[in-house]
Structure formats: C-alpha cells, structure tokens
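Read the figures in this text as sums done on the coordinates, not as results from a lab. This is a predicted model, so every value here is computed, not measured. Every residue, glycine among them, receives a Cβ derived from its backbone with ideal geometry; neighbour counts consider all protein chains shown.
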Amino acid sequence: MAETVFDVAIIGGGPAGYTAAIRGAEYGLKVALIDNSPRLGGTCLHVGCIPTKALLFNAEIWDHLNHAAEFGIEGMGTPTLNWAAVLKRKDAIIANHTRGLDFLMKKHKIVVIKGSGRLTGPALAGVHTVDVTAPGSESSQVKAKNILLATGSEAKMLPGLKPGDRILTNIEILSLPQPPKSLVVIGAGAVGLEFSSIFRSFGADVSILEFLPRIAPVEDEEVSKELTRLFKKRGIDVNTGAKVEKVEETETGVKVSFTDANGKPQTKEAEKVLVAVGRLGRTENIGLEKTRVELERGLIKVNEAQETAEPGIFAIGDIVSGLPQLAHVGAMSGMVAVAKIAGRSFRPVRRDRIPGCTYTEPQIGSVGLTEAQAKEKGYEVKVGKFPFAGNSKATILGTHDGFVKIVSDSKYGEILGVHILGPQATELIAEAVAVLELEGTVEAMMFTIHAHPTLTESLLDAYGAVEGMAINA
Ligand SMILES: Cc1cc2nc3c(=O)[nH]c(=O)nc-3n(C[C@H](O)[C@H](O)[C@H](O)COP(=O)(O)OP(=O)(O)OC[C@H]3O[C@@H](n4cnc5c(N)ncnc54)[C@H](O)[C@@H]3O)c2cc1C
C-alpha cells in the first residue's frame, strides 16, 4: 500500500466519511477510508441517530399499547417492558447496517484501513501523507492527492465531570441495564429532548434543565412554546433559564444544583443525569498544527466546496464550522467535496436548506428561516398556521397536537421557512425542503394537489392560511 497514491484518503468512517467514500468511488476515484472505531458508521450508526430512533419507535409502540382500548383493542392485560429485548433489537438494527456498510465498501472497492489517521503536513509534489497508527500493529502511511477530514465529534462534558454509570452521555445512556426511574437532562437541544421523550414514555420522572430561555432553541419560537406545553402535559418537568452549578453523585443517584430563571438556587435529585450540552469537533491529534487549516471555535473553516485553507485538504461533517452537526449535512458535505475533487458540478450545502428533525413525541421538522430570522433579514413576512386538529388523518391516528407554520415573503410569495410540530413531522418536512430548494411560492403550493386523507394536507391548508384561506380551520 505504501506505493499506492489514492485520489482521496478519508479520515473518519461516519456518515460524512463513508458517504464521501462511496460517491468518490462512483465517480471513479481511487479511495482509502481510514477509521479508528471497531466498526464503520461513526456516532450516527452506533451511538446517535439510529439507536435513538430505534428506542423512540419502541417508545411509540409502548405509548400506543397503553392506549390500546381507545383503538378497540382489549384483553391484552398490562403490557410489560422487556428492556433486554428492546436493547437487543436496537443492537440488531445497528449490526444489520454495519454489515451493510462493509458490503458497500467491498462493492465499491474502497480500501478500508483500521487505525487513527494523522496529517504529516502539506502535500509534497501534490501528494499528501497520512500516518496511520492502530493499537497492536505497526504504524503505516497512506498517500493521497486529496484528504478529507471527517473525524466527527464527541459529547461535551461540563467542567470537572466524567461520564460513568450515573453521569451519562449519549454513549452510556444507550446501554443502561434498565430504564432509569428518574432522569435529569441537562440541555434541551435535539439529543436532550429525544432522550427525555424516550424515558418519559417508559415511565421515568424526567426533569429538563436548559440554560437558554426556551427548549429546542434553534426552532421557531412558537414551536418551542408549544412543545414545552405538550412536554409538561406529558409530565416532563421543563426548566428553562436554568444555570447548572454542580452535579454530584449521591448514595442513590445524582444531585444537580442550579440557579433557576429567577436567580434562585434549586436542586434536582434523580437516579441518572444525562449531559447533552453540545458536541466538540474532533480536531485534536490529527496533525492540523502542521498545516494551514484554520479553526473557528474548535471547528474547521471551509469554503463552499468544503476546502480548508490547506490545498488538497477538505473537511466534512461534524468537524466543520458554520453548519449544524447532523448526519445528512455530513453526508451531503462529503458528496460536495468529492464532486469538487472529481471535477464534477455540485451545489454547495446551504444553511437555509437543511431540514432539522427532532424525533420526540410530538416530532419537530423544520427548514429555512424562522419567523424571527425572516424579519431580521428584512423580509416583509406573511405567516400561515394550520393546526393538526383540522386534519382528518391526524384524527385517524389519534393525535391532534401541533401545527404547520409557513413563513413567506409577502412581496413575491416565496416560501422562506416551514416549521412543523406534530405527527410524522420528520417525514412531512421533506415536501418543504423540496419547495424551498425549488423556490416555491405560496400560490403555487396552494394549487398543488395533496392526497386525501394524508397528513400532507396539513401543509396544503397551511399554505392557504398564509392568504387567510385554509379550508379545514
Ligand atoms: C444521540 C444522538 C442522536 C443523533 N441523532 C441524529 C439524527 O437523528 N439525525 C441526524 O442527522 N443527526 C443526528 N445526530 C448527529 C449525527 O450523529 C452526527 O451529525 C454524525 O454522526 C456526524 O457524522 P461524521 O461522519 O461527521 O462524524 P462521526 O459520525 O462522529 O464519525 C467520525 C468517525 O471518525 C472516526 N475517527 C475520529 N478520529 C479519527 C482519526 N484520527 N482517525 C481515524 N478515524 C477517526 C470515529 O471513530 C468515527 O468512526 C445525533 C447525534 C447524537 C449524539
């Protein structure tokens, strides 16, 4: 391998890295993928998107079973939770997709190299060298004309805390031997909210402590407000403006001391605490100091083709500055980078075209500008809002919580943002992403036929609501 010069060597085999590897091979590039985890797939497949969504689906079924009589299903007795079986199913889903990735690497003749990759400096005569070290084996070197950095991220910890069996990150919480009876969740971004939703469904007393004035802080304010109301209705204790001061282990669990929104000292005790206060880019120990790669608050600065300031070195996925840390953003940024390398046309990743999904009960799906952001940008904003209460499919599903909100520009009628809270919001948002990508207008969408009875009709009604002409509300 020492003599092979790859077109691209990718450091990191998560969704950003493996997607770039496959697309690169599809373009006919010679690709090496270096990864230091036991299996390919990164955070997303092993301790992120996939296991959380598996548990959320268990939680959804559990919630339905607890309301079975409402659907005319009786005589089942009291459902009991076999947690070991829940975890086994989650692990089987991960294993299945890990095997799928191994298959795809072979299919595309991608050379997978196990170990930690580290840059050695700028390219010499157009060829970069990456040192690869793996425990128990000799270090080696990989040579390539281009490098993609895709080393991802890990959970941020609060100062002085170490994860263990009571103080948890997304990693430990995914393999607890039993669901906790009580849980404090620090941080109300998507990760904190999803675990709150899962364990509340399974009966835990859940308290959320969020430093900012609202939960789901990146979402439209009305979404945060309604989700807060619905979480409280589910019995989740939501505390915003809460500044965590101390987390201590007690004899039976943990005690979290915080200052509440009124400046008063408070404490919450629970069996476990989840720290979900954001993710740190893995930019250390990868040899950046030997290059011109620039960092911005610990993340890598790139241009619209994902190129760093060092020629031939690209960055994709969670380590990139200025983009949300999401698997689909990582995957698309990888596809952009290899298109550039292969000399193919591409469209840069646009911040305002990225769907944001939170798979809680109820779900959030959003894309584009919030109402406040659109106003800040100087648009003359026209908003339409339609509640799921008026949607017949939502009635059939037995859930009326939430709404669809359209943010549009009154001058040309262009749709600038769509914000959905409610059933299947994470699926419904796909229509809105396409609408924004194609610069759709309210009028065009008001005359776009949506099948009946579907949840998508709530979007049709919301487009109509922009002009004060919803049908079902
Ligand atoms: C609990 C949770 C739930 C989430 N849910 C969602 C969701 O539903 N939808 C969504 O879009 N996003 C979700 N995310 C975010 C998503 O997981 C990340 O955005 C995504 O995994 C980032 O992909 P990546 O390829 O950049 O990095 P990662 O997935 O972190 O992969 C990086 C890979 O690089 C390897 N690596 C690191 N350093 C080196 C090195 N020096 N040499 C070789 N290999 C190295 C790592 O071992 C890892 O395999 C979730 C995250 C969490 C924590």
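Remarks
- Under 17 Å of direct C-alpha separation, and excluding same-chain neighbours fewer than eight residues apart, Lys268 reaches these lysines: Lys181, Lys232, Lys243, Lys246, Lys255.
- Dipole of the chain, positive direction: furthest Cα of Gly136, Thr151, Ala374, with charges on the beta-carbon: Gly136
- As a calculated quantity, the FRET efficiency between Glu3 and Lys290 at R0 = 22 Å, using C-beta atoms, amounts to about 0.45.
- Here Asp165, Asp205 are placed in order of increasing Cβ neighbour count within 10 Å, fewest first, which gives Asp165, Asp205.
- Computed Rg/Rh of the stretch 159-302, alpha carbon atoms with Kirkwood Rh: 1.03
- In loop segments of the stretch 104-169 as defined by DSSP, the trypsin sites (Lys or Arg not before Pro) with at most 11 further C-beta atoms inside 10 Å of their C-beta are Lys109.
- Here the relative contact order of the chain, from alpha carbon pairs under 8 Å that lie six or more residues apart, stands at 14 percent.
- Qualifying trypsin sites (Lys or Arg not before Pro) for the stretch 359-443 [loop in DSSP, other Cβ within 10 Å: at most 10]: Lys411
- Local net charge near Thr4, Cβ-Cβ under 13 Å (Lys/Arg +1, Asp/Glu -1): +2
- Residue-averaged [θ]222 nm for the chain, counting only DSSP H segments that reach four residues, each worth -39500 (n - 2.57): -9500 deg cm²/dmol
- Gain in span if fully extended, Leu212 to Ile61, counting 0.36 nm per residue against the direct Cα distance: 51.2 nm
- Nearest-20 debye value, the stretch 204-345 charge dipole, Cβ charges on Lys, Arg, Asp, Glu: 180 debye
- Amide H within-cut-off set for Gln363, under 5 Å, with H built and near neighbours excluded: Gly422, Gln424, Ala425
- Lys181-Ser257 pseudo-label distance in nm [points 7 Å out on the Cα-to-Cβ vector]: 2.6 nm
- Estimated dipole of the chain in Debye, rounded to 20 [Cβ of Lys and Arg +1, of Asp and Glu -1, Cα centre]: 1060 debye
- Compared with the alpha-carbon gap, the fully stretched path from Gln141 to Ile171 is longer by 7.7 nm at 0.36 nm per residue.
- Note on the stretch 322-473: Lys pairs 8 or more places apart or on different chains, Cα atoms under 28 Å apart, count 13.
- Centre separation in Å (Cα based) which lies between the stretch 249-309 and the stretch 169-240: 18 Å
- Using alpha carbons only, the radius of gyration of the stretch 129-170 set against its Kirkwood radius gives Rg/Rh = 1.19.
- The magnitude of the dipole of the stretch 98-219, with charges of +1 and -1 set on the Cβ of Lys/Arg and Asp/Glu and taken from the Cα centre, is near 480 debye.
- For the stretch 177-221, the C-alpha radius of gyration divided by 2.2 N^0.38 Å, with N the number of residues, is 1.18.
- Local charge for Gln424 was computed over the other residues whose Cβ lies under 14 Å away, with Lys and Arg +1 and Asp and Glu -1, and equals -4.
- Extents of the chain, taken as max minus min of Cα coordinates on every principal axis and listed largest first, are 67, 62, 49 Å.
- Note on the stretch 133-244: the alpha carbon radius of gyration divided by the globular reference 2.2 N^0.38 Å gives 1.42.
- Cleavage-rule hits (GluC sites (Glu not before Pro)) in the stretch 342-389: DSSP loop, at most 12 neighbouring Cβ within 10 angstrom: Glu380
- Calculated on the Cα set of the stretch 1-160, radius of gyration then Dmax: 21.3, 75 Å.
- Eigenvalues of the alpha-carbon gyration tensor of the stretch 205-271, scaled by 5 and square-rooted, set the equivalent ellipsoid semi-axes at 23, 14, 9 angstrom, largest first.
- The stretch 328-337 - phi-based ³J(HN,Hα) in whole Hz, Karplus 6.51/-1.76/1.60, Gly and Pro as x: 5, 6, x, 4, 5, 5, x, 5, 5, 4
- Whether the stretch 258-414 is rounded, prolate or oblate, judged on the alpha carbon gyration tensor where a/c under 1.5 counts as rounded: oblate
- Extended-chain gain in nm, criterion 0.36 nm per residue less alpha-carbon gap, Asn82 and Glu443: 124.9 nm
- Top positive-direction residue, dipole computed over the chain with Cβ charges, set Leu29, Gly278, Ala339: Leu29
- Cα gyration tensor shape of the stretch 95-144, rounded if a/c is under 1.5, else prolate or oblate by comparing a/b with b/c: oblate
- For the stretch 53-70, the Karplus equation 6.51 cos²θ - 1.76 cosθ + 1.60, evaluated at θ = phi - 60°, returns couplings of 5, 4, 5, 5, 5, 4, 4, 5, 4, 4, 4, 5, 4, 6, 10, 4, 4, 4 Hz by residue, with Gly and Pro reported as x.
- Bins of 5 Å from zero: percent of alpha-carbon pairs in the stretch 246-291: 5, 16, 16, 14, 13, 9, 9, 8, 8, 3
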